[in-house]
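K.L.:
Pasting a structure below so you can have a look.
Derivation of every value follows stated rules applied to the coordinates shown; laboratory data play no part. Everything numeric in this text was worked out from a predicted model, so none of it was measured. Cβ sites come from the backbone with ideal geometry, for glycine too, and all protein chains shown count toward neighbours.
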Amino acid sequence: MTHSEYRMLLEKDKSTAQRKLFDEYLNYVYAVVYNRLRSCGSREDTGECVVDVFMDVFSSYDTKAELNGDIKGFIGTVAFRKAADYHRRLCRKNTSVSLDDESTETIASGENVSEMTEQNEIRGILLDLIESLGKPDSVIILEKFFYGRNALEISRLVHLSPITVRVRCSRALKKLRKLLADNDITI
């Protein structure tokens, strides 16, 4: 479904438009959310996050914006950010473990828990630092490195020329490297 198709359907019947958008992008949103939450969330957490993503999409989608037909990038960005918020919340909530629980035998594994925890903390800090770059730089970084989009595709999302997107990406990466160095993080 393109931006213009969704906008026309939305003008006719809001609930039908939302239902069609939900049906078309459910698997995509679920994949984005599941990949982010699989290390710390349950199936219910993933489902709840997916529903929240669509609620955010429906409430904040600007039908007047010109997206050149691409609505998937907007939905993907909302899903990634919502999943990151859930991930941070769930990781904070799941830090305490009861040693009296009968399932303590299943805790032992080949995984290095302290390394995983450190990586999760670094990911959270990295996302916060990317978001601190502000728009459109944060969107450009996320779309390029998380979704693998090129400058032309990103330019359509942020309404800038592809050359401007490349320049902003380069400058944003320099800022991000400095922010990471200031936080003693090496990637």
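K.L.:
Would you mind stating whether residue 131 is loosely packed, with under 15 Cβ neighbours inside 10 Å and within 25 Å of residue 89 (Cα to Cα)?
P.N.:
Criteria not met by residue 131.
K.L.:
Let me ask something else about it. Before we move on, is residue 4 loosely packed, with under 14 Cβ neighbours inside 10 Å and small (Gly, Ala, Ser)?
P.N.:
Considered against the rule, which asks whether it is loosely packed, with under 14 Cβ neighbours inside 10 Å and small (Gly, Ala, Ser), residue 4 comes out as no.
K.L.:
Which of the residues spanning the range 145-157 are surrounded by 14 or more Cβ atoms within 10 Å (Cβ to Cβ) and over 16 Å from the mean Cα position of the chain (by Cα)?
P.N.:
151, 153, 155, 156
K.L.:
Given the condition over 24 Å from residue 123 (Cβ atoms) and either surrounded by fewer than 14 Cβ atoms within 10 Å (Cβ to Cβ) or out of contact with any Leu (no Cβ under 8 Å at 6 or more places or on another chain) (or both), answer yes or no: does some residue in the range 172-183 qualify?
P.N.:
No, that holds for no residue.
K.L.:
Another question, then. Kindly indicate the residue of the range 10-35 that is farther than 18 Å from residue 48 by Cα and of a type in the set (Gly, Ala, Ser) and also nearest to the chain's Cα centre (by Cα) among those meeting that condition.
P.N.:
The extreme case among them is 17.
K.L.:
Right, something else. So residue 81 ticks every box in (1) more than 22 Å from residue 123 (Cβ to Cβ); (2) in a helix (DSSP H, G or I) but one. Which box is left unticked?
P.N.:
Against the list (1) more than 22 Å from residue 123 (Cβ to Cβ); (2) in a helix (DSSP H, G or I), residue 81 comes up short only on (1).
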